[in-house]
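S.K.: Dropping a structure here in structure tokens format, bear with me for questions.
The values are calculated or read from the model by the stated rules, or taken from the named source; none is laboratory data. In this text the structure is predicted, and so the values were computed from the model without any measurement. Here the Cβ positions follow ideal geometry from the backbone for every residue, glycine too, while neighbour counts run over all protein chains shown. Accessible surface areas use protein heavy atoms only, side chains included; no ligands, DNA or RNA. Shrake-Rupley method; radii C 1.70, N 1.55, O 1.52, S 1.80 Å.
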Amino acid sequence: MTSPWGNEDTQTLIDILARYKVKATFFVVGQWAEKYPESVKALHDAGHEVMNHSNTHPHFPQMSADQVIAELNACNDKVEAVTGVRPTLVRLPYGDYDDRSINAVRSIGMEPIQWDVDSLDWKEIPANEIAQRVTGKVQPGSIVLFHNAAKHTPEALPTILETLLQEGYTFVPISQIILPGEYGTDYTIDHTGRQQPAG
């Protein structure tokens with residue numbers, strides 16, 4: 001889930017995820033983390049990953065490598081100050097990237113994350129459409145994009161979780177899918193956002 005600006009539903013989402021015993025990855029903007037440190041701490045304390053969504057939400061391809069690194073480190077510093085854990089993953093704003101920005105991300109030991117299922121919750125489509133869209137598109141290894149301040153996400157999320165759990169899916173934080181070596185199988189992410197076994 002991405003937390004760019006609003007904070008209306010963060011605790012509600014934490015409560016819904018707890019009800020289904022699901023751990024998620026939240027990508028936060030540094031400015032948001034600075035404004036809502038209590039929410040960053042609540043996400044971390046609930047067992048969710050808190051990762052990097054840049055410091056100011058710029059378009060990375062318009063920036064130099066040094067500017068990209070400065071953006072990432074500024075956000076990492078803010079998250080680490082609250083959680084004690086330095087982010088290792090980044091979701092690039094707007095899903096916008098080029099080779100230079102990807103190389104800059106990896107030069108400081110971070111891994112860029114894309115997604116393959118966009119809930120479109122940011123378009124404020126009705127909850128039933130969000131649920132149908134997500135449950136109809138998810139495949140094993142999918143990463144689904146939600147936003148914590150989208151109007152209908154709290155209403156759609158229980159249906160999505162119940163449906164996918166009934167279909168046999170399990171939910172894990174993104175690092176458990178893609179960080180090499182830690183969980184037995186190395187994965188990479190292709191240009192569509194799909195997870196693929198490395199090698």
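Yes/no matrix, rows are residues, columns are (1) under 16 Å from the mean Cα position of the chain (by Cα); (2) open to solvent by less than 40 Å² (accessible area, probe 1.4 Å); (3) within 20 Å of VAL85 (Cβ to Cβ); (4) touching a residue at least 24 places away in the same chain (Cβ under 8 Å):
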residue	(1), (2), (3), (4)
GLU8	no, no, no, yes
ALA18	no, no, yes, yes
LYS23	yes, no, yes, yes
GLU34	no, no, yes, yes
PRO37	no, no, yes, yes
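S.K.: Here's something else I'd like to know. Does the stretch 174-181 include one or more residues that are modelled with pLDDT of 85 or more and open to solvent by less than 70 Å² (accessible area, probe 1.4 Å)?
M.R.: yes
S.K.: Let me ask something additional. Identify the single condition in (1) within 18 Å of the chain's Cα centre (by Cα); (2) open to solvent by 50 Å² or more (accessible area, probe 1.4 Å) that MET110 does not satisfy, given that it satisfies every other one.
M.R.: Looking at each condition in turn, MET110 falls short on (2).
S.K.: How do the strands (runs of 3 or more DSSP E) wholly within the stretch 23-91 filter down when requiring 1 or more residues that are touching a Lys or Arg at 6+ places or on another chain (Cβ under 9 Å): which remain?
M.R.: In the stretch 23-91, 25-28, 49-52 are the strands (runs of 3 or more DSSP E) which contain 1 or more residues that are touching a Lys or Arg at 6+ places or on another chain (Cβ under 9 Å).
S.K.: Let me ask something else. If you check every pair at least six apart or on different chains, which have Cβ atoms under 8 Å apart with a residue in the stretch 58-69 that is farther than 12 Å from LEU92 by Cα first and a residue that is surrounded by fewer than 14 Cβ atoms within 10 Å (Cβ to Cβ) and aromatic (Phe, Trp, Tyr) second?
M.R.: none
S.K.: What number of residues within the stretch 39-61 are over 16 Å from the mean Cα position of the chain (by Cα) and open to solvent by less than 10 Å² (accessible area, probe 1.4 Å)?
M.R.: Residues that pass the stated criteria total 1.
S.K.: May I ask you to list pairs of residues, at least six apart or on different chains, whose Cβ atoms are under 8 Å apart, with the first in the stretch 115-135 being on the phi > 0 side of the Ramachandran plot and the second being in a loop (DSSP other than H, G, I, E, B)?
M.R.: These pairs meet every condition: GLU124/ALA150; GLU124/LYS151; GLU124/HIS152.
S.K.: Additional query: Criterion first (of a type outside the set (S, T, N, Q) and either modelled with pLDDT of 95 or more or touching a Lys or Arg at 6+ places or on another chain (Cβ under 6 Å) (or both)) does ALA150 satisfy it?
M.R.: Spelling it out, it is not the case that ALA150 is of a type outside the set (S, T, N, Q) and either modelled with pLDDT of 95 or more or touching a Lys or Arg at 6+ places or on another chain (Cβ under 6 Å) (or both).
S.K.: Separate question: Give the residue that is most open to solvent (accessible area, probe 1.4 Å), with candidates limited to residues of the stretch 118-142 that are part of a helix (DSSP H, G or I) and charged (D, E, K, R).
M.R.: Going through the stretch 118-142, the residues part of a helix (DSSP H, G or I) turn out to be 121-123, 127-137.
Subsequent filtering for residues that are charged (D, E, K, R) retains 121, 123, 129, 133, 137.
Working: ASP121: 1, LYS123: 117, GLU129: 87, ARG133: 73, LYS137: 96 Å².
Ranking the candidates gives LYS123 first.
S.K.: Inside the stretch 70-94, can you point out the residues that are aliphatic (A, V, I, L, M) and either free of Cβ contacts under 8 Å to residues at least 12 places away in the same chain or open to solvent by 40 Å² or more (accessible area, probe 1.4 Å) (or both)?
M.R.: ALA70, ALA81, VAL82, VAL85
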